[in-house]
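The values are calculated or read from the model by the stated rules, or taken from the named source; none is laboratory data. No experiment lies behind these values; they were computed from the predicted model shown. Virtual Cβ from ideal backbone geometry, glycine too; neighbours counted across all protein chains shown. In case anyone asks, the SASA skips ligands and DNA or RNA and just uses the protein heavy atoms, side chains included. Shrake-Rupley method; radii C 1.70, N 1.55, O 1.52, S 1.80 Å.
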Amino acid sequence: MAHVGGMIRTVLCSLACLATALAATFAHAAGSVEDVLEARLLPGWRMADGTHMAALEITLDPGWKTYWRAPGDLGIPPQFDWSGSRNLAGVEIVWPTPEPILQAGTTTIGYDGRVILPLRVLPRRAGRDVRLDGLLDLGVCRDVCIPVQLRLDADLPRTTEKRDPRIAAALADQPYSASEARVGAVRCTLAPADGGLRLHAEIAMPSSGGREFAVVETDNPAVWVAPAKAARKGDTLTVNTRMVHAEGRSFAVNRKGLRITVLGTSYAVDIQGCPAG
């Protein structure tokens, strides 16, 4: 286990050095962030329950892509820091359906063109305006992948009630729930393997179209999950992956915290929880 932890730390250090080098390359080739993307906050509307629905709009230049919350080994997941905001109790990101992206022979998960990430904003004091002020760290990729940091801010007036159709469309573009996709039994088997755990999932569900990709997440940020392999036989999709603790420690898996997203060419499915098989 100690060997695994040391290996992961070495990889992370190498990635950090690579990111620095790529950032320098990007600065020379692209000139500035504005040459690659534009980002802004859409103020949205105040909902009947007192929360505020806003959104982050990212527009990427042709050929550039950015990443989903679980982007795969080569991707950089977006990170948000809203500590500069006023009258803010919390922000929940509502992720639209991403797409598989072939990158350097590996499949990553993300978006291209324009993406709108709805933000469900909870005011600290109900019935008051919110000032949303934050730092966004994300990765963008074309021939190389580089980290970008942006500062974004917007006022979210309590009196705005008109729905923004752009945000409404992004809210509608979420993966189906398990029940909506007619998912039947879901069973997971965990076994020790390679200094961590190997997961084998069997999911009874109709095909979501074409070649199906599966992404497995846990509720433990210290656990690294390898890219999953999905295979279909009739109405059963099998998913296999490996999990390792980032510091080489032993760990337990909360089955209720397991999340499997299946991405097909027709639709995507969000499966939460995986009981023992």
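Give region 96-105 a look and list any residue that's in contact (Cβ under 8 Å) with a residue 24 or more places away in the chain, at negative phi and open to solvent by 60 Å² or more (accessible area, probe 1.4 Å), or say none. First the steps, then the outcome.
Here is the first cut: in region 96-105, the ones in contact (Cβ under 8 Å) with a residue 24 or more places away in the chain are 96-101, 103-104.
Checking which are at negative phi leaves us with 96-101, 103.
Result: 99, single match.
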**OP:** Would you please name the residue that is modelled with the lowest pLDDT, looking only at residues in region 215-250 that are open to solvent by less than 40 Å² (accessible area, probe 1.4 Å) and either over 20 Å from the mean Cα position of the chain (by Cα) or not aliphatic (A, V, I, L, M) (or both)?
**Re:** 248
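Filter region 121-138 for residues that are closer than 15 Å to residue 56 by Cβ and not hydrophobic (A, V, I, L, M, F, W, C) and give the result. Break it down stepwise before answering.
Filtering region 121-138 for residues closer than 15 Å to residue 56 by Cβ gives 121, 130, 132-138.
Selection gives 133, 134, 137.
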**OP:** Please verify whether region 143-154 includes one or more residues that are within 21 Å of residue 69 (Cα to Cα) and in a helix (DSSP H, G or I).
**Re:** no
Original post:
Looking at 130, 144, 140, which one is of a type in the set (Val, Ile, Thr), over 22 Å from residue 212 (Cβ atoms), open to solvent by 20 Å² or more (accessible area, probe 1.4 Å) and in contact (Cβ under 8 Å) with a residue 60 or more places away in the chain?
Top reply: 144
Subject >> Residue list for region 177-214, restricted to those being open to solvent by 20 Å² or more (accessible area, probe 1.4 Å), part of a strand (DSSP E or B) and either under 21 Å from residue 107 (Cβ atoms) or touching a Leu at 6+ places or on another chain (Cβ under 9 Å) (or both) >> reply: 189, 190, 191, 197, 198, 200, 202, 204, 213
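Can you tell me which residues in region 106-127 are over 20 Å from the mean Cα position of the chain (by Cα) and open to solvent by 60 Å² or more (accessible area, probe 1.4 Å)?
Step one: list which residues in region 106-127 are over 20 Å from the mean Cα position of the chain (by Cα), which gives 122-127.
Selection gives 122, 124, 125, 126.
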